[in-house]
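Student: Pasting a structure below so you can have a look.
The values are calculated or read from the model by the stated rules, or taken from the named source; none is laboratory data. These numbers were taken from a predicted model, which means no experiment stands behind them. Cβ placement follows ideal geometry from the backbone for every residue including glycine, while neighbour counts extend to all protein chains displayed.
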Amino acid sequence: MDWMDLLRQICEVCVIPLLGVLTAYLVALINTKKNEIKEKTKSEKLRKYIDMLSVTITACVQATNQTYVESLKGKDLFDEEAQREAFQQTFNAVMGILSDEARLYLSEAYGDLDELITAKIEAEVSAQKVEPLF
């Protein structure tokens, strides 16, 4: 038996089976890393849209308060109907500012986007210590 035969037998017995195991390990490692990157990207995108929604709602509540609510309060006309109108103006402004992609992504992440925005508007109104919009 010469060296070439010995080398061929070593390859057949050891190296070739190890290549199969190594390949399976590499495929599993690549899939794990791919999933980690996908989840990180999803959470970064979600965080971006939640931040965008929060900033938008804050600005819209402030704008409605300054342009609509304060003028009615000064005239003592801020009744229940005016509160509903103030909410609707704020809600419409938020929906008008959000991109289609943001609305779609937030809907997929949270379900009913209208309920999410309503809850966040109510929380922002309370945080700004203005009268409830409805």
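Student: Kindly establish whether Ile50 is surrounded by 15 or more Cβ atoms within 10 Å (Cβ to Cβ) and either over 18 Å from Gln128 (Cα atoms) or of a type in the set (S, T, N, Q) (or both).
Tutor: Considered against the rule, which asks whether it is surrounded by 15 or more Cβ atoms within 10 Å (Cβ to Cβ) and either over 18 Å from Gln128 (Cα atoms) or of a type in the set (S, T, N, Q) (or both), Ile50 comes out as yes.
Student: Now for a different question. When you look at Leu7, is it at negative phi, surrounded by 10 or more Cβ atoms within 10 Å (Cβ to Cβ) and in contact with a helix residue (DSSP H, G or I) (Cβ under 9 Å, 6 or more places away or on another chain), yes or no?
Tutor: Here the answer is no, as Leu7 does not meet what is asked.
Student: Moving to a separate point now. Looking at the stretch 53-77 only, could you name the residues that are in a helix (DSSP H, G or I), surrounded by fewer than 17 Cβ atoms within 10 Å (Cβ to Cβ) and without any contact (Cβ under 8 Å) to a residue 60 or more places away in the chain?
Tutor: Val55, Ala59, Ala63, Gln66, Thr67, Glu70, Ser71, Leu72, Lys73, Gly74
Student: So, in the stretch 78-89, how many residues would count as being touching a residue at least 24 places away in the same chain (Cβ under 8 Å) and over 29 Å from the mean Cα position of the chain (by Cα)?
Tutor: Counting residues in the stretch 78-89 that are touching a residue at least 24 places away in the same chain (Cβ under 8 Å) and over 29 Å from the mean Cα position of the chain (by Cα) gives 3.
Student: Right, here's the next one. Any chance the stretch 109-129 includes a residue that's within 16 Å of Leu46 (Cβ to Cβ), assigned to a helix (DSSP H, G or I), modelled with pLDDT under 90 and within 24 Å of the chain's Cα centre (by Cα)?
Tutor: Yes, the stretch 109-129 contains at least one residue that is within 16 Å of Leu46 (Cβ to Cβ), assigned to a helix (DSSP H, G or I), modelled with pLDDT under 90 and within 24 Å of the chain's Cα centre (by Cα).
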